[in-house]
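Below is one structure, written out as structure tokens; comments come after it.
The values are calculated or read from the model by the stated rules, or taken from the named source; none is laboratory data. None of the values given here were measured: they were computed from a predicted structure. So basically every Cβ, Gly included, is an ideal-geometry build from the backbone, and we count neighbours across all protein chains shown.
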Amino acid sequence: MKEADLLVVEGDITEQEVDAIVNPANPTLLGGGGADGAIHRAAGPGLREEYDLSRSDRESSNGAQRRCECRALGGCAPGEAKITGGYHLPARFVIHTVGPIWQGGGEGEDDLLAECYRSSLRLAGERGLASIAFPAISTGAYGFPLERAARIGVGTVLGTLPEVPSVRLVVFVCHGREAAAIYRRVLSGIHRREPPPSGRELVAGEGTPAGTTTADRVGAHLITIESAYGTRIRNFAEVVDRIAVATSDDREILAIATAISTFVAVSPPSPEVEIPGDLLDEVIRRFAGRVREPEG
Ligand code: APR
């Protein structure tokens with residue numbers, strides 16, 4: 001299947017003619033400054049009066065559609081994503097997500113930012129959307145360093161695209177020339193992923209084809225990371241073995257791979273990178289609950 005296109009544009013998120021634009025919101029979802037303010041202004045007052053498109057219990061007990069205002073969406077926790085209509089925007093939908101506030105990098109900001117991109121893409125995939133536009137989440141009022149955020153955003157999108165086959169176009173919308181240059185540099189340093197080691201194309205989202213081993217699935221994630229950052233994981237086989245021995249659960253594998261991706265994202269750019277054993281133990285313990293040595 002042809003891979004999705006990734007584009008960098010210098011422009012305004014409110015003008016993007018895509019299925020969904022992503023709004024870098026705050027936990028109240030009531031609007032704010034920056035891109036959030038621009039999106040609410042362009043969408044019009046309807047956005048605050050909103051049928052909650054993301055909740056399954058839209059029907060209240062008497063069958064009437066519950067009228068939910070944005071405020072009744074129940075807010076949004078950092079890393080989560082919620083979807084509403086686009087109203088007067090050219091985009092059909094708005095996916096609201098709350099990025100991390102930058103605190104120096106030691107409070108899990110990278111993982112949380114990655115989660116914003118992942119949950120927004122997954123929400124788009126659940127609704128079968130074909131195109132989505134992201135601003136540079138958290139890099140304004142929330143102070144996240146732009147290049148680091150660009151690497152995490154692009155890398156996470158690449159790593160998540162196999163899960164959301166309906167998405168065929170991702171646009172990174174940059175507010176200004178400098179941001180666009182940074183995103184273009186990050187994107188140009190990326191070699192698109194080779195097929196997974198077994199040569200089978202993983203069927204994203206519907207489980208994996210019969211015969212695709214756990215090691216294949218782990219390897220596919222690592223290849224995505226190598227492609228995203230234009231690097232080579234020096235201890236690739238060891239990393240695959242250690243993860244495949246610890247878990248065969250795709251969600252756990254994805255969480256471990258995302259943590260490894262974040263490590264690579266913040267490592268100094270280099271043709272090769274070694275995944276430290278203690279980091280591997282830590283993320284396996286955190287996401288797979290156990291650390292076991294490979295047989296033999
Ligand atoms: N189109 C595209 N990008 C934009 C636009 C726009 N109209 N306006 C701002 N940006 C860019 C900023 O230059 C920055 O690079 O979006 C990026 C994110 O900046 P913010 O909008 O400040 O978002 P964030 O850093 O995630 O902070 C979120 O700010 O607006 C409030 O309610 C919001 O409290 C929340 C916080």
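Here are the numbers for the structure shown:
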quantity: From the options G37, G33, G46, residue that is touching a residue at least 24 places away in the same chain (Cβ under 8 Å) and either out of contact with any strand residue (DSSP E or B) (no Cβ under 9 Å at 6 or more places or on another chain) or near the ligand (Cβ under 9 Å from one of its atoms) (or both); calculated: G33
quantity: Test: residue in region 201-215 that is closer than 26 Å to G106 by Cβ and at pLDDT 75 or above; calculated: no
quantity: Matching residues in region 1-28 - criterion: being assigned to a loop (DSSP other than H, G, I, E, B), more than 8 Å from the ligand (Cβ to nearest atom) and more than 30 Å from G74 (Cβ to Cβ); calculated: M1, K2, E3, A4
quantity: All positions within region 140-177 that are within 10 Å of the ligand (Cβ to nearest atom) and surrounded by fewer than 20 Cβ atoms within 10 Å (Cβ to Cβ); calculated: G140, A141, G143, L146, H175, G176
quantity: Check on I137, under 12 Å from the mean Cα position of the chain (by Cα) and more than 13 Å from the ligand (Cβ to nearest atom); calculated: no
quantity: A181 being modelled with pLDDT of 90 or more and within 30 Å of I137 (Cα to Cα); calculated: yes
quantity: Criterion violated by L113 - all others in (1) out of contact with any strand residue (DSSP E or B) (no Cβ under 6 Å at 6 or more places or on another chain); (2) of a type in the set (A, V, I, L, M, F, W, C); (3) more than 19 Å from L29 (Cα to Cα) satisfied; calculated: (3)
quantity: Sole residue being assigned to a strand (DSSP E or B), at pLDDT 95 or above and surrounded by 14 or more Cβ atoms within 10 Å (Cβ to Cβ), chosen from I101, I95, I83; calculated: I95
